[in-house]
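Below is one structure, written out as structure tokens; comments come after it.
The values are calculated or read from the model by the stated rules, or taken from the named source; none is laboratory data. This one's a predicted model, so the numbers in the text were calculated from it and none came from an experiment. Here the Cβ positions follow ideal geometry from the backbone for every residue, glycine too, while neighbour counts run over all protein chains shown. Remember, those area values only see protein heavy atoms, side chains included, never the ligands or the DNA or RNA. Shrake-Rupley method; radii C 1.70, N 1.55, O 1.52, S 1.80 Å.
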Amino acid sequence: MADIYAFPTGVKSRTGRDAGPGLPGRPAGVPDDVWHAVESVRGMQRIGDVRYREIPVPSTLADYGIGVELEAGARDDDVGTPFDGAAPAGVATGWIMILYSATRREDWGSRWRCVAFARLPLDNGEDDALTPDLYWDLMCAHLDAVDPDSVGGTVTVTRNTAFGALGRDDSAGCEIRVSFTPTTFDGMPYDAGASVSVWARFLKSTILFDGETDVD
């Protein structure tokens, strides 16, 4: 991925000292806070067995946004396979959008807001009444530098049963939709890369095998 940012206002990038090798430069009119966030995502440490891809942020959500799609877990067809969102069984997928409003939003309690989604694999025996609470608690345990009172979302457990030409096959999954306000400090740039990394670590934690420990 050459770069990770999407400005929904559609302004064109300029070249110059703000452009790294092979990367677009800073678009005209982009606030310093937003550009610091972009650079923090570009420079973040990537996590093993997690693949990253830029996605657009709808212009209806915020004045500026950074969108990153993620896929966690090893896959047999890794080599030469495009990142198209069609993940095989046993692989966790999701995305996070980091939103910025030019003026402080009362409903956010900030100029910044994160919106995220995860689609997680489940064993057939896991899709019981306890699953939503377990996965919500696991997600919250990964969220740091977040206003805890700002976190809200849903957990949906899904079950699919294939018939006919597809053969009889049952599969289960879990989908999480959440939004939260990251902790920021006056005069300090927001480390948006840390928010992306948190979501990547959460996705990876859901596909660990028995006996493994999440050490990221």
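Points to keep in mind about this one:
- The one condition in (1) modelled with pLDDT under 90; (2) within 29 Å of Arg119 (Cβ to Cβ) that Val50 fails to fulfil: (1)
- Some residue of the stretch 191-204 being open to solvent by 40 Å² or more (accessible area, probe 1.4 Å) and modelled with pLDDT under 90: no
- The numbered conditions (1) at pLDDT 95 or above; (2) closer than 24 Å to Arg105 by Cβ are all true for Met188 except (1).
- Flag if Trp108 is in a helix (DSSP H, G or I) and either modelled with pLDDT of 90 or more or of a type in the set (Ser, Thr, Tyr) (or both): no
- Of all residues making up the stretch 102-161, the number that are among the hydroxyl-bearing types (Ser, Thr, Tyr), open to solvent by 40 Å² or more (accessible area, probe 1.4 Å) and over 27 Å from Met188 (Cβ atoms): 4
- Residues of the stretch 103-153 that are more than 20 Å from Leu61 (Cα to Cα) and of a type in the set (Lys, Arg): Arg119 alone.
- Restricting the stretch 111-144 to residues that are acidic (Asp, Glu) and part of a helix (DSSP H, G or I), the residue that is modelled with the lowest pLDDT: Glu126
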